[in-house]
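> I am attaching a structure below and will ask some questions about it afterwards.
Each reported figure results from applying straightforward, stated rules to the coordinates on display, with no laboratory input. What you see is a predicted model; the values in this text were computed from it and never measured. Counting neighbours? That spans all protein chains shown, and the Cβs are built from the backbone with ideal geometry, glycine included.
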Amino acid sequence: MRKLFVIVVAATIVTVAIPALAHHASQAEFDKNSPRTISGVLTRVQWTNPHVRWYIDVKNEKTGEVETWMLQGSGPGAYKANGISASGVFPIGKTYTAMIAPARDGSNGGYVMTWTLPDGNKMDFWHDYGDGSGEKP
């Protein structure tokens, strides 16, 4: 009986731990210590788990070509809890500015730290800007 109990407890612990192993820290994928600001036209929003994704067409300052950037943030539930929805706040075709933690692999992507909406309102999503002070660079 005791052996069965130990097996059930061990199986439960392993089962609960597996989803935690699948998740990753955003700091592993994005460099919060080198924030960057980009502006562009929003072309698509994926309001799905595990992370909301925004696709923005950004004009490359060096080449003049338009590049599509994929920005990601928290899950939709985190935004919904704060009254933010895809259709209500992020209409397609408008120009947005975002301060991002750029992708460490150099791709056109990043994790959203702040948004400046087309109407000028700012939304802050990241509170540790790398030096632990909570101050924006």
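> Sticking with the crude label model, points 7 Å out along Cα→Cβ, report the distance from Asp124 to Glu67 in nm, one decimal please.
Reported label-point gap for Asp124 and Glu67 is 2.9 nm.
> Please list, by residue number, every one of the trypsin sites (Lys or Arg not before Pro) in the stretch 31-107 that is coil in DSSP and has at most 15 other beta-carbon atoms within 10 Å. List each step's numbers first, then the result.
Working: sites: Lys32, Arg36, Arg44, Arg53, Lys59, Lys62, Lys80, Lys94, Arg104; in loops: Lys32, Lys62, Lys94, Arg104.
Passing sites in the stretch 31-107 are Lys62, Lys94, Arg104.
> Continuing with the same structure: Starting from the Cα of His51, step 7 Å along the direction of its Cβ; do the same at Leu117; then give the gap between the two resulting points in nm.
Placing both labels 7 Å beyond Cα along the Cβ direction yields 2.3 nm.
> What's the local net charge at Val66, with K and R +1, D and E -1, over the other residues with C-beta under 12 Å away?
Here the count lands on -3.
> Now, a different point. What number comes out for the charge environment of Ala103, summing +1 per Lys or Arg and -1 per Asp or Glu over other residues with Cβ under 9 Å away?
Around Ala103, the charge tally is -2.
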